[in-house]
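**Q** Okay, here's the structure, questions in a sec.
Derivation of every value follows stated rules applied to the coordinates shown; laboratory data play no part. Note that the structure is a prediction, hence the values are computed from the model and not measured. Neighbour counts are summed over all protein chains in view; Cβ atoms, including those assigned to glycine, are modelled from backbone coordinates with ideal geometry.
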Amino acid sequence: MLSLYRKIFTTGVLTEDVPRPPLEPEVEAVGVQLKAAIDRRFAGSLAIRQVDAGSCNGCELEIHALNNVYYDIERFGVHFVASPRHADVLLVTGPVSRHMEAALRRTYEAAADPKWVIAAGDCAACGGEFGVSYASCGAVSNVIPVHAVIPGCPPAPAELLRGILGLF
Amino acid sequence: MHLAAVLQEQGIVVRPLQPSPLAPAELLEIDAFDWGRAAELAQPVGWRWVAAWAEDEGERLSVSACLEKHGGYTVLRTRVDSGHPALPSQAAYYVAADRPERHMQDLFGIRFSGHPDGRRWTRHQAWGEGSFPLRKAYPLAGTPPEQTPPDSGYPFLKAQGHGVYEIPVGPVHAGIIEPGHFRFQAVGEMVLNLEERLGYVHKGIEKLAEGRTPEALARLAGRVSGDTAVGHAFAACQAMERAAGIEAPARAAFIRGILAERERVANHLWDLGAICNDVGFAFANYQFGRLRELWLRDNLALFGHRLLMDRVVPGGAAVDVDGEGIKRMRASIAFLRRELDELLPILDANSSLEDRLLGAGVLSAEDAAALGALGFVGRASGQRFDVRHDAPYAPYDRFPVKVPLEEQGDVASRFWVRYKEIRVALRLLERLLEELPAGALTVPWQAPPAGAEGLGMVEGWRGEILCFVRFGADGAIGRYYPRDPSTVNWPALEKLIHGNIVPDFPVCNKSVNGSYSGQDL
């Protein structure tokens, strides 16, 4: 047990010193802006329900990374919730597969008003590599209203942060 | 003994194609009525069922099934009439054939007689019964309704009895995870039965591949399953190169190996943390998440993409590594090894972690063998197969690959197999860097003649990935079939959850971590 505490102690609080990835120098700055926007609009807290509507899972991996110790999106008041009933925002990935079309509509309907939809990743933005076909509806906006789009294949965590800010 | 000899001995007429157009795999043509019997004969003498796919040849449909024994691959092929395609099922002898045959039934309209479970599988409501998207005449755009209705009327298995209840989960799950549906029957907390219903992320990958250029196919392959961007692109390029009769240069092969091992490490790091998180041990989740993030940042700095998409291209690799990059990678390997050395005793000595992982979700060696379980799922249950070791391809034909093994088949075994696989991958990375040959990164692409086909087999981080490619006219892709290891491993989850408690499902599921996208296609 002592070694565990030692490891925690020696690892330290990494979020205080966010290493600047070469292409994403503004994580902290964007986060602070995001926090201010969320404080203004949502009394300090923004609840996101993530919906994979047909992605390859690449976007999910980067959305997960938002919760790692470097990005720790919760410090900006943003948290992921398990139900659309608890959500202010739906963060939708993937081209919408036709088999997920009804599930996505129902998830959207289940979220209380007011609600926002962010299409995350190139597939969600425009259909990406998959487009529209017998099996795919393409962009999320073909199925439900979209308020903000985050391009990228997949968008890096810092881009996701910036994109969530873009909603306001 | 060659599969041909086994079948011939029992009176099956076998027509080997020589030289094999699918080399290094053998290709045997047999009559349709012998299809099921071939499986019946191959199964007891140790052939593993790998994959099956169909092709629309106009008047007829061809069906191919790939089997493997001791690292040797043999493809059986037969033809059936397009008007009334029917074939004896191989699923009666091989569990692994169950869903792939139903996938062909839904997308090609082939009826498999004697199939133990004739229900539809990939087909929900996006296309109607009686129309088959992978037939050539079916347009890519299809004829979709204004809105695709939700799936309904799927005949789930029912369990009845005093106190038995049912839990439907998904397709939208509680976490940040791909969509699928799980149907549990439980008594109290104990799971009596779990049935998976997948196909929610079916986005027509096989159809979408038709008519693509080789470069565009490699891009699509990198998105069959986002966490296996390198693995699937590697397999697709290997298949295309074999069809075209070209070979990626030695330096490109090494770069591919480096990318593949980096992908393995990144995914294992993530899952080790996630498994711990699912039993409430946040410490490990944050530690492994930290190490994964640093690893991904190295990917970005070294190769220009965190998940390494589009770095493997037909004829070679799209990225190189220079002296500075080699130095940086060596340093990060040493750093990761030191960190793991420190974390290992902490995890090992944590009795509450042990309580939750030991004995949970046991897949016995017999069941793993019967299912043909792959990758760390198979290897945690005593199945040693690893393409890098058993059917080595460049660059792994230069090094002996150590294959870690556990016997107990529980969540803990899958955890430790992955932990050890990281260590092996780090050593492999060092060797690949040490012996990185000089030279070109690509060879010029040469379009193969129409009809040329190729089979790729690589060890992705989840296990064996198989990929079939056939070229059509003008050097474009005529047919693409990628078989992700998840296709084989998903049924293992149904098996290993028996008798466990419902609250242990997340950690059992995570320890297998099947790809939904890679299975649904």
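**Q** Which of the residues spanning region B:198-221 are farther than 20 Å from residue B:271 by Cβ and part of a loop (DSSP other than H, G, I, E, B)?
**A** Passing the criteria: B:199, B:200, B:202, B:203, B:204, B:210, B:211, B:212, B:213.
**Q** Here is a follow-up. Residues being closer than 15 Å to residue B:315 by Cα and in contact with a Leu (Cβ under 7 Å, 6 or more places away or on another chain): count how many of those fall in region B:205-234.
**A** Residues that pass the stated criteria total 1.
**Q** Just one of the numbered conditions (1) assigned to a strand (DSSP E or B); (2) closer than 30 Å to residue B:331 by Cα; (3) basic (Lys, Arg) is not true of residue B:470; which one?
**A** Single failed check for residue B:470: (2).
**Q** What number of residues in region B:122-144 are over 26 Å from residue B:196 (Cβ atoms) and either outside any loop (DSSP other than H, G, I, E, B) or within 9 Å of chain A (Cβ to nearest Cβ) (or both)?
**A** 5
**Q** Would you check if residue B:311 is in contact with a His (Cβ under 7 Å, 6 or more places away or on another chain) and either buried (at least 19 other Cβ atoms within 10 Å of the Cβ) or β-branched (Val, Ile, Thr) (or both)?
**A** Yes, satisfied.
**Q** Next up: So, in region B:199-211, of the ones that are in contact with a Phe, Trp or Tyr (Cβ under 6 Å, 6 or more places away or on another chain) and among the hydrophobic types (A, V, I, L, M, F, W, C), which residue ends up surrounded by the most Cβ atoms within 10 Å (Cβ to Cβ)?
**A** Ranking the qualifying residues of region B:199-211, first place goes to B:201.
**Q** Still on this model: Within region B:389-422, work out how many residues are in contact with a Gly (Cβ under 7 Å, 6 or more places away or on another chain), under 20 Å from residue B:465 (Cα atoms) and not aliphatic (A, V, I, L, M).
**A** Within region B:389-422, residues that are in contact with a Gly (Cβ under 7 Å, 6 or more places away or on another chain), under 20 Å from residue B:465 (Cα atoms) and not aliphatic (A, V, I, L, M) number 3.
**Q** Which of the following residues is free of Cβ contacts under 8 Å to residues at least 60 places away in the same chain and not aromatic (Phe, Trp, Tyr): B:387, B:377, B:403, B:411?
**A** Selected residue: B:403, the only one of B:387, B:377, B:403, B:411 that is free of Cβ contacts under 8 Å to residues at least 60 places away in the same chain and not aromatic (Phe, Trp, Tyr).
**Q** So, in region A:136-168, exactly how many residues are more than 22 Å from residue A:113 (Cα to Cα) and among the small types (Gly, Ala, Ser)?
**A** 6
**Q** Looking only at region A:82-133, which residues are within 20 Å of residue B:221 (Cα to Cα), facing another protein chain (nearest Cβ under 9 Å) and among the hydroxyl-bearing types (Ser, Thr, Tyr)?
**A** Those that are within 20 Å of residue B:221 (Cα to Cα), facing another protein chain (nearest Cβ under 9 Å) and among the hydroxyl-bearing types (Ser, Thr, Tyr): A:97, A:133.
**Q** When you check residue B:318 against the structure, is it more than 29 Å from residue B:253 (Cβ to Cβ) and surrounded by fewer than 23 Cβ atoms within 10 Å (Cβ to Cβ), yes or no?
**A** no
**Q** Could you list, in sequence order, all residues of region A:27-62 that are under 18 Å from residue B:224 (Cβ atoms), more than 7 Å from every other protein chain (Cβ to nearest Cβ) and without any contact (Cβ under 8 Å) to a residue 40 or more places away in the chain?
**A** none
**Q** Does region B:275-288 include one or more residues that are facing chain A (nearest Cβ under 9 Å), buried (at least 22 other Cβ atoms within 10 Å of the Cβ) and in contact (Cβ under 8 Å) with a residue 60 or more places away in the chain?
**A** No: region B:275-288 contains no residue that is facing chain A (nearest Cβ under 9 Å), buried (at least 22 other Cβ atoms within 10 Å of the Cβ) and in contact (Cβ under 8 Å) with a residue 60 or more places away in the chain.
**Q** I would also like to ask the following. Name the single residue, out of those in region A:27-72 being in a loop (DSSP other than H, G, I, E, B) and of a type in the set (Gly, Ala, Ser), that is nearest to residue B:273 (Cα to Cα).
**A** The selected residue is A:55.
**Q** Moving on to the next point. For residue B:171, all conditions in the list (1) more than 14 Å from every other protein chain (Cβ to nearest Cβ); (2) more than 30 Å from residue B:424 (Cα to Cα); (3) not charged (D, E, K, R) hold save one; what is the number of the exception?
**A** Here residue B:171 meets the rest and fails (1).
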